[in-house]
Amino acid sequence: MTIGRMENVEVFTAEGKGRGLKATKEFWAADIIFAERAYSAVVFDSLVNFVCHTCFKRQEKLHRCGQCKFAHYCDRTCQKDAWLNHKNECSAIKRYGKVPNENIRLAARIMWRVEREGTGLTEGCLVSVDDLQNHVEHFGEEEQKELRVDVDTFLQYWPPQSQQFSMQYISHIFGVINCNGFTLSDQRGLQAVGVGIFPNLGLVNHDCWPNCTVIFNNGKIELRALGKISEGEELTVSYIDFLNVSEERKKQLKKQYYFDCTCEHCQKKLKDDLFLGVKDNPKPSQEVVKEMIQFSKDTLEKIDKARSEGLYHEVVKLCRECLQKQEPVFADTNIYMLRMLSIVSEVLSYLQAFEEASDYARRMVDGYMKLYHPNNAQLGMAVMRAGLTNWHAGNIEVGHGMICKAYAILLVTHGPSHPITKDLEAMRVQTEMELRMFRQNEFMYYKMREAALNNQPMQVMAEPSNEPAPALFHKKQ
C-alpha cells in the first residue's frame, strides 16, 4: 500500500478545538483513510537491545552497529535503511560517551532532520513539525523542571558542528514530543516498543467514542474507519481507553493533553450508569456501594504490589476475595468488577489454570461488549485472549465463537495484512476444524486433543505485566 492518501482528508478549524481533519469523501468500516511513516522515531530505552531500530520488530538475534555499539538491526537491509537517520546519532553517542534517554534521542533525530530538510512542509505532510502544538505554556512546575533537565542534557549531547537551535525551539520540540508522541508497538501489536512523531496524525482530534482508530503496521501508522464516515465529517481517534467514567476520562485528558473534553459521551455522561452499575434486586445502599468502591481500590493497590513482585498466586487470592465481596453489590458492567475479572483471567491463564480463567474471561467479555464501541481494538484483543483461554480450557464452542468475534473486529481495526489478524485467521481455521470433529465424536475429540497437547509444548500465555495495553499516545511517566 502506498504511503499517503492525503487527498482523502483536509485541514479545517474545528469549533473550540483548533485545527482538525475532515474527510473529503465517504468511508466505510475498515477503510484506510491515510497511512503515514514517522517523521522521526526511537526505540524505548528498556528495549534498545531487543527491537530493531529501523522497523521496530522484536527479534531474537539483532546486528549491532559496529561504531556506536548502541543501535540494533534485524539485518544489513534495516541497517542500511537507518543510516541517514542514524549517522549523526552514531557520532554524537561516541562523542558524548553514553546514550541519552529516549526523549532526548527523539528530539535530536527530529532536529537533525530539520537541519537536513529545513523547517517547511515535507512531502506528504499537511503540517510541519514547527506548527505542531507544544503546550509548553500549560506545563506545571514538575513538567517545567523535567523540561529544563531535558534541555540541559540535550545541549551536552548535541554536537557543536551541527546547526545550533534556540532554547525556545528546543523547548518547542520537547513539548511536541510530550503531547504528540505516538506509541509504536511490536509487529504483533502486543507490546509498546517505541515512540514516534507523525505530523498528520497530530492533527486528528480526540473523541471518547471516535469514528477512527490508529494502528502501527509494518513501519507505518494507518488511520482506519470504524464505521460509515460521511464526506465533510470530522475524523477523530480516542487518545485514552474508554473504560472509565466521564469525569475520570476528562481529568486524564486535561492532565495529559491540556484540553477539556466536550465530546457527546462526556457531556451527556453516556454509559456512566453502566460503569458504576450496581445490582438491582436487592439494590445495595449508597453507603455499601461507597465502601465496596474503596475496598476495590485498596485491593487494586495490593494487586499492583504483588504483581510487581511476581507473586501471582497472591494476585489470584486477592482477586477471588474481592470478586466474592463485589458480586452481591456490583452489576456485571461495573468497571471495578471488570478490572478484577481482567487481571484474574490473565494471571490464571499465565499459571495455566485455564478452566477457572475461562469463566472469568467470559464474564469480562460479556461486560466489555455492553460498554465498548463494537469495533474497538482493545475489545477485539480482549475477546481474542478470552477465546484462547477458553480453547485451552477445552471449551471449544465458546472459544471458537470468541475467536470468530475477535477476528471480525480486528479485520476492521487492524486489517487483514496485520500479523495479529493473520494469527487469528489461523486460529479460526483450526478451531473450526476442531469444532466439526467435536460435534461428530466428542469422546474421540478429547482423546486426540489430549494426545496433541502431550506431544507439543503448551502455548503458554505471556507473563502478565503491570503495563497496560499499549496506549495510543505515548506520555512520559
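Which one of 54, 239, 312 is farthest out on the positive end of the charge dipole of the chain, using unit charges on Cβ (Lys, Arg +1; Asp, Glu -1) and the Cα centre as origin?
Checked the options; the winner is 54.
Note down the magnitude of the dipole of segment 275-454 about its Cα centre, charges +1 on Lys and Arg C-beta and -1 on Asp and Glu C-beta and zero elsewhere, to the nearest 20 debye.
Roughly 240 debye for segment 275-454.
Compute the relative contact order of segment 1-126 as a whole-number percentage, counting only Cα pairs closer than 8 Å that sit 6 or more residues apart in sequence.
That works out to 19 percent.
What's the angle, to the nearest 10 degrees (0 to 90), between helix 141-157's Cα axis and the longest principal axis of the chain?
Tilt relative to the chain: about 50 degrees.
Using the Kirkwood formula on the Cα atoms of segment 39-197, what hydrodynamic radius do you get, in angstrom to one decimal?
Radius from the Kirkwood sum: 16.3 Å.
Check each of the GluC sites (Glu not before Pro) in segment 1-108 and keep only those in coil by DSSP with at most 16 other C-beta atoms within 10 angstrom; list them in order.
In loop regions of segment 1-108 (DSSP not H, G, I, E or B), the sparsely surrounded GluC sites (Glu not before Pro) are 15, 26, 60.
Among 429, 206, 88, which residue has its Cα positioned farthest towards the positive end of the charge dipole of the chain, with +1 placed on the Cβ of Lys and Arg, -1 on the Cβ of Asp and Glu, and the dipole taken about the Cα centre?
Checked the options; the winner is 88.
Rounded, prolate or oblate: which one fits segment 404-459, using the alpha carbon gyration tensor with axes a ≥ b ≥ c (rounded when a/c is under 1.5, else prolate when a/b beats b/c, else oblate)?
Oblate.
No solvent, one uniform scatterer per C-alpha: report log10 I(q)/I(0) for segment 175-223 via the Debye equation at q = 0.14, 0.22 1/Å, two decimals.
-0.36, -0.88
What angle, in degrees between 0 and 90 and rounded to the nearest 10, separates the Cα long axis of helix 102-117 from the longest principal axis of the Cα atoms of the chain?
The angle comes out near 50 degrees.
Per residue, how much accessible surface does the chain expose to a 1.4 Å probe? Answer in Å², no decimals.
Each residue of the chain exposes 49 Å² on average to a 1.4 Å probe.
Of the accessible area of the chain, with the probe set at 1.4 angstrom, what percent is carbon plus sulfur?
That share works out to 50 percent.
Mind putting together the pair-distance distribution for segment 275-454? All Cα pairs, 10 Å bins, whole percent per bin, short to long.
In order of increasing distance, the bins hold 10, 31, 32, 21, 6, 0 percent.
Among 418, 401, 215, pick out the residue whose Cα is farthest towards the positive end of the charge dipole of the chain, where Lys and Arg carry +1 and Asp and Glu carry -1 on C-beta, about the Cα centre.
Projecting each Cα onto the dipole axis, the largest value belongs to 418.
List, in the order given, every pair from 17/250; 228/251; 370/405 whose Cα-Cα distance in the structure shown is over 25 Å.
Table pairs above 25 Å Cα-Cα are 228/251.
Binning at 5 Å from 0, report for segment 130-223 what percent of all alpha-carbon pair distances ends up in each bin.
2, 11, 19, 17, 19, 15, 12, 4, 1, 0
Which residues' amide hydrogens lie under 5 Å from the amide hydrogen of residue 34, considering only partners 5 or more residues apart or on another chain, with H built in the peptide plane?
Long-range HN contacts for residue 34: 223.
Relative to the longest principal Cα axis of the chain, at what angle does helix 442-455 sit, 0 to 90 degrees, rounded to 10?
40
So how far, in whole Å, is the C-alpha centre of segment 213-257 from the one of segment 130-156?
25
How big is the dipole moment of the chain about its Cα centre under a simple scheme where the beta carbon of each Lys and Arg is +1, that of each Asp and Glu is -1, and everything else is neutral? Debye, nearest 20, please.
960
Starting from the Cα of residue 281, step 7 Å along the direction of its Cβ; do the same at residue 7; then give the gap between the two resulting points in nm.
If labels sit at residue 281 and residue 7, their model points lie 6.1 nm apart.
At R0 = 30 Å, how high is the FRET efficiency between residue 325 and residue 355 if r is their beta carbon distance? Nearest 0.05 is fine.
0.85
The values are calculated or read from the model by the stated rules, or taken from the named source; none is laboratory data. Just so you know, these numbers come straight off a predicted model, no measurement behind them. Note that each Cβ is placed from the backbone with ideal geometry, even for glycine, and that neighbours are counted across all protein chains shown. The area values use the complete protein model at the heavy-atom level, side chains included, leaving out ligands, DNA and RNA. Shrake-Rupley method; radii C 1.70, N 1.55, O 1.52, S 1.80 Å.
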